[in-house]
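To start, the structure itself, in structure tokens.
The values are calculated or read from the model by the stated rules, or taken from the named source; none is laboratory data. Just so it is clear, the model here is predicted, and its values are computed rather than measured. FYI the Cβ positions are ideal-geometry reconstructions off the backbone, even for glycines, and counts take in every protein chain you see. Note: areas computed on protein heavy atoms with side chains; ligands, DNA, RNA excluded. Shrake-Rupley method; radii C 1.70, N 1.55, O 1.52, S 1.80 Å.
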Amino acid sequence: MKLPNTPNVTRRSFVASVGAATVLPPATALLANSAAAAPPHPHHDAAPTQPVYLFFNVAESRFIEAACERQIPADEAGAGALAAGVPNYLDKQLGGAWGAGERLYRSGPWLPGTPSQGYQLPFTPAELFHVALRAINQDFDKRGTAFADLSAQAQDTYLKSLEAGGQDLDGVPSAVFFDMLLRMTVEGFFSDPVYGGNRDMVAWRMIGFPGAYADYYEAIDQHGVKLERAPMSIGEDRHGHVHVDPEIPAAL
């Protein structure tokens, strides 16, 4: 998965197409593609509350916030990754059972594999992020600056250097780290808010995805009619409040 280089393809259009095609549950992907875009949410432009990170330390969170925002930046179409709470999603997933590698094979041997063999490193996702981020921040400390303090163009250049590979982040190949970071950023932007991202369901409103309605009984006989519903989270109560539950396994 690569960031777009074509001038006419924005990051937002890129992640929107990726989100609609691969991140949403298969049973609802067709609904997402055919539904009309919902009206703007009344809280769309509200300033996000300052997150409390339990997994990332201060230096790590500064990099993650800046890197996620460069991958899905805010623009005239809507909120970016930071306003959508994507770093909070990463923090919840990496600090939970998935980050601890509860479903990973952990007995080795740790040998280079082919792309078809998938992930072959000894690190759990949590260990991979801590190790890679420590190496990245140590590198920037030597430069006398921080990734978050770079210009947007310089941040893009650095992220593309990670994506290109060839860098060893204390045992973590930079391309592996970048790929996981990009995938989690897209997932956090489009996943159900119950996992900690997609604040106010901004991504679902952007693509017209209705979310986790229990049934569509009244719409069954309405053939050829656009589905227009305000999105609903699986963690939403009868008052419309979403309760974040990081223990619900996300489909990563």
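In table form, for the structure just shown:
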quantity	calculated
Full-stretch length increase - Ala214, Val58 - with 0.36 nm per residue and alpha-carbon distance subtracted	52.2 nm
Calculated FRET efficiency for the pair Ile234/Asp139, C-beta based, R₀ 35 Å, to 0.05	0.30
Surrounding net charge for Leu128, when Lys and Arg each add one and Asp and Glu each subtract one, Cβ distance under 14 Å	-2
Computed label-point distance, nm, for sites Arg106 and Ala164 using a 7 Å Cα→Cβ extension	3.6
Probe 1.4 Å, accessible area per residue of region 74-198, Å²	45
Along each principal axis, Cα extent of region 77-193, largest first, Å	42, 37, 24
Order by protection proxy (mean Cβ within 10 Å, highest first), peptides 182-195, 51-64	182-195, 51-64
Cα-projected label distance for Ser151 with Arg183, points at 7 Å along beta-carbon direction, nm	3.4
Highest average packing first - 198-204, 92-98, 114-120, Cβ atoms within 10 Å	198-204, 92-98, 114-120
